[in-house]
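**Q** Structure in structure tokens, see below.
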Amino acid sequence: LDHGEMLGWRGAIGAQYAELDFAASGAEAFAPPSVAKHAAAFLFEKRDFGDLTLEWGVRAENQRIQAERDAPRYDDTAVSVSGGAVWRFAGAYSLSTHLTRSQRHPQAAELYADGPHLAIGRWELGDAGLRKETARTVDLTLHRHAPQGLHWSAGVFYNAFDDYIYARPLGVEQDGLPLHAYTQQDGEFYGFEGELTIPIFAAGASHFEIRFAADHVRGRLKDGGDLPQIPPLRYGVELHYERDRLHIGVETY
């Protein structure tokens, strides 16, 4: 439900409900049948103060998962809050920052898996004792957007996790597949992302431009060591053409 201005603030309030009845059979049945129920409510608000825009939000979600094979039932509530600010200055420039404290429930596979996950070629072992994970995030982005000329943005971020959930390789095999066990430890992620768009030409409704982009993330455990399956440094280029409702582009990374 969207609402108009109330004491200068505008935003939305909402609720969500989802129920997932999961079952798999055959060689790919690496997790037991389960029923997961999610119920959530959220609120998001924003307000302009001249060149400064403030925004904040909160979301609460209860998750209940019941699996077969006499597995323990999961039932917990996660609460996430966020706040941010966007400052528009010097015409085409803006500076934005966000602070968040978010929580995520473990998924059914992370809790109850015990079998070959053939889609990714490994044997997965869940942990029914997993707790929700909590992340505290801060990011800062400088952006330039002008009707004509260069468009670019550059940002940095840092995430600190309590009880981060991940699949840890055990260094042994089960039925010919590498064995991975879901576990959780404190960890941190940090990195940067940026892009630069250079217009080549603009004539009427036609625009042709080239865009360069790069991003990088580093994932580490708080007590030392690297987190697995972290993507490497990525960079690439895109050519993009627009004419009225026609959009054509090609990119490579």
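The values are calculated or read from the model by the stated rules, or taken from the named source; none is laboratory data. Since the model is a prediction, treat every value here as computed from it, not as a measurement. As a convention, Cβ positions derive from the backbone with ideal geometry for all residues, glycine included, and neighbour counts pool all protein chains shown. The area values use the complete protein model at the heavy-atom level, side chains included, leaving out ligands, DNA and RNA. Shrake-Rupley method; radii C 1.70, N 1.55, O 1.52, S 1.80 Å.
**Q** Grab the Cα-Cα distance for Phe22 and Tyr253, subtract it from 0.36 nm times how many residues apart they are, and report the gain in nm with one decimal.
**A** 79.6 nm
**Q** Figure the gain on full extension for Asp2 and Arg234 (residue separation times 0.36 nm, minus the Cα-Cα span) and round it to one decimal in nm.
**A** That pair, Asp2 and Arg234, stretches by 79.7 nm at full extension.
**Q** State the percent of C-alpha pairs, over all pairs in segment 113-228, separated by a distance greater than 26 angstrom.
**A** The share of Cα pairs beyond 26 Å in segment 113-228 comes to 48 percent.
**Q** Let me ask something else. Taking the solvent-accessible surface of protein heavy atoms with a 1.4 Å probe, what is the per residue accessible area of segment 181-253 in Å²?
**A** I get 65 Å² per residue for this part.
**Q** Convert each backbone phi in segment 114-121 into a coupling constant with the Karplus relation 6.51 cos²θ - 1.76 cosθ + 1.60 (shift: θ = phi - 60°), then list the ³J(HN,Hα) values in order as whole Hz, x for Gly and Pro.
**A** Here the 3J(HN,Hα) series is 6, x, x, 8, 5, 4, 10, x Hz.
**Q** Send over the semi-axes of segment 32-113's equivalent ellipsoid, whole angstrom and largest first, taken as the square roots of 5 times the C-alpha gyration tensor eigenvalues. Don't skip to the answer; put the middle values down first.
**A** On the way: eigenvalues 326, 29, 12 Å².
Taking √(5λ) for each eigenvalue gives 40, 12, 8 Å, largest first.
**Q** Take the chain, connect every pair of alpha-carbon atoms lying under 10 Å apart with a spring to form a Gaussian network, then pick out the residue of Gly50, Gly219, Gly11 with the largest mean-square fluctuation.
**A** Fluctuation is largest for Gly50.
**Q** Report the relative contact order of the chain, percent, no decimals, based on alpha-carbon pairs under 8 angstrom and at least 6 residues apart.
**A** Normalised by residue count, the contact order of the chain is 11 percent.
**Q** Determine ³J(HN,Hα), in whole Hz, for all residues of segment 33-46 in sequence, where each value follows from phi through the Karplus function 6.51 cos²θ - 1.76 cosθ + 1.60 and θ = phi - 60°; x replaces Gly and Pro.
**A** So the Karplus estimates, Gly and Pro as x, are x, 7, 10, 10, 10, 10, 10, 9, 9, 8, 9, 9, 9, 8 Hz.
**Q** List every residue whose amide H lies under 5 Å from the amide H of Lys222, counting only residues 5 or more places away in sequence or on a different chain, with H placed 1.01 Å from N in the peptide plane.
**A** Asp186, Gly187, Glu188
**Q** Another question, if that's okay. Based on a Kirkwood Rh over C-alpha pairs, give the Stokes-Einstein translational diffusion coefficient of segment 1-147 at 10 °C and viscosity 1.306 mPa s in µm²/s.
**A** The estimated diffusion coefficient comes to 86 µm²/s.
**Q** Further, regarding this structure: With the other protein chains left in place, how much accessible area per residue, in square angstrom, belongs to segment 16-127 at a 1.4 angstrom probe?
**A** 55
**Q** Please compute the alpha carbon radius of gyration of the chain, then divide it by the globular-protein estimate 2.2 N^0.38 Å. Two decimals is fine.
**A** 1.26
**Q** Sticking with this structure for a sec: Obtain the nm distance between the two label points defined at Asp162 and Ala85 by a simple spin-label model: each point lies 7 Å from its Cα along the Cα-to-C-beta direction.
**A** Computed distance between label sites Asp162 and Ala85 equals 2.6 nm.
**Q** Could you check how much of the accessible area of the chain is carbon and sulfur, as a whole percent, using a 1.4 Å probe?
**A** Carbon with sulfur: 57 percent of the solvent-accessible area.
**Q** Can you pull the percent of Cα pairs in segment 101-178 with separation above 23 Å?
**A** 49
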